[in-house]
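Worksheet: the structure to be examined is printed underneath.
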Amino acid sequence: MKTIHQVAQPTRSSGEPIIHETANVVHSRAGAWTSIGSSNKIIESVLGDYTYTMDDVTINYTEIGKYCSIASHVCINPVQHPMDRVTQHHMTYRRIDYGFAATDDESIFDWRRQNRVKIGHDVWIGHGAIIMKGVTIGTGAVVASGAIVTKDVEPYSIVAGVQAKPIKMRFPEEIREKLLQIAWWEWPREMIEERFHELNDLDSFIEKYGHFG
């Protein structure tokens, strides 16, 4: 896991994170083979190995697992404004920018850091989806395009709509349990390479590896 200090453009074969030159990444970390798209804004978040984002993605205070696919214009953990004050405007906490004080109101930023979003492995988040604060999305889940997710999402479920609701499960319960038990996303690179050709055949994959603890 690499702490991202600045824009980097290594070759894909190196396995190092690839970060588009227009992305703004602050106090975040990215694993091997990750890719961060153009015009992303990522604050205090972690992206697991092989996870990628497309263009115009916003991610705040979020833990993202491995092999996740995040489509364009997704917003994860949008920031909150203090609704209990006379004004909701950010001048009350970004005070330096407006010349109202020599320091900002750090309590608001600490408040925003609470209730981080947690996303499992191999999750697909569709175009324009919004994941609200404090939500946990289980491994293997699918969030449909345009969905607004306000509640936790079960592993291998598909959710859609505003507010997002479960549509169906990707697989029967027995298959879901086997995949979670196999936890192929934790395999080292060498094992993935060795078994890569098997990833497209669910039945034979489960039959071959589903008995392992």
Accessible area, 1.4 Å probe, largest first: how do D110, D55 sort? D110, D55
With all protein chains in place and a 1.4 Å probe, W185 shows an accessible area in Å² (nearest 10) of 10
What does the accessible area of T136 come to, in Å² to the nearest 10, when a probe of 1.4 Å is used? 60
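Taking 0.36 nm per residue of sequence separation and subtracting the Cα-Cα distance, how much length would be gained by fully extending the chain between S107 and E190, in nm to one decimal?
So the chain would gain 25.3 nm between S107 and E190.
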Amide H to amide H under 5 Å from N24: which residues, 5+ apart in sequence or cross-chain, H placed 1.01 Å off N in plane? N40, K41, I42
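Tell me, what is the percent relative contact order of the range 41-159, built from C-alpha pairs under 8 Å that lie six or more residues apart?
Contact order relative to length: 22 percent.
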What lysines could a cross-link reach from K208, if we take a straight Cα to Cα line under 20 Å and drop same-chain neighbours fewer than 8 places away? K178
By how many nm would the segment from S204 to E63 grow when fully extended, if each residue of separation counts as 0.36 nm and the alpha-carbon distance is taken off? 47.6 nm
For the range 171-212, what is the accessible area per residue in Å², given a 1.4 Å probe and the full set of protein chains? 71
Among (i) 21.1, 70; (ii) 19.1, 65; (iii) 21.9, 93, the entry derived from the coordinates for Rg and Dmax of the Cα atoms in Å: (ii)
If contacts are Cα pairs under 8 angstrom and at least 6 residues apart, what is the relative contact order of the chain in percent? 11
Residue-normalised value, i.e. accessible area per residue, for the range 1-151 at 1.4 Å probe, in Å², stands at 49
F100, F109, F171, reordered so the largest accessible area comes first (probe 1.4 Å): F100, F171, F109
Under a point spin-label approximation (7 Å from Cα along Cα-to-Cβ), what is the M83-K41 distance to one decimal in nm? 2.1
So for R0 = 30 Å, FRET eff. of S14-H127 from the Cβ-Cβ r, to 0.05, ends up at 0.55
Please list, ordered by chain and number, the residues whose modelled amide H lies under 5 Å from the amide H of V149; skip anything fewer than 5 residues away on the same chain. I130, I131, M132, A164
For the cross-link pairs K41/K133; K133/K165; K41/K151, which exceed 19 Å when the distance is taken from alpha carbon to alpha carbon? K41/K151
Using a basic spin-label model with each label point 7 Å from the Cα along Cα→Cβ, how many nm lie between A183 and M91? 5.2
Roll a 1.4 angstrom probe over the protein heavy atoms and tell me the percent of accessible area of the chain that is carbon or sulfur. 52
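The values are calculated or read from the model by the stated rules, or taken from the named source; none is laboratory data. What you see is a predicted model; the values in this text were computed from it and never measured. Note that each Cβ is placed from the backbone with ideal geometry, even for glycine, and that neighbours are counted across all protein chains shown. In case anyone asks, the SASA skips ligands and DNA or RNA and just uses the protein heavy atoms, side chains included. Shrake-Rupley method; radii C 1.70, N 1.55, O 1.52, S 1.80 Å.
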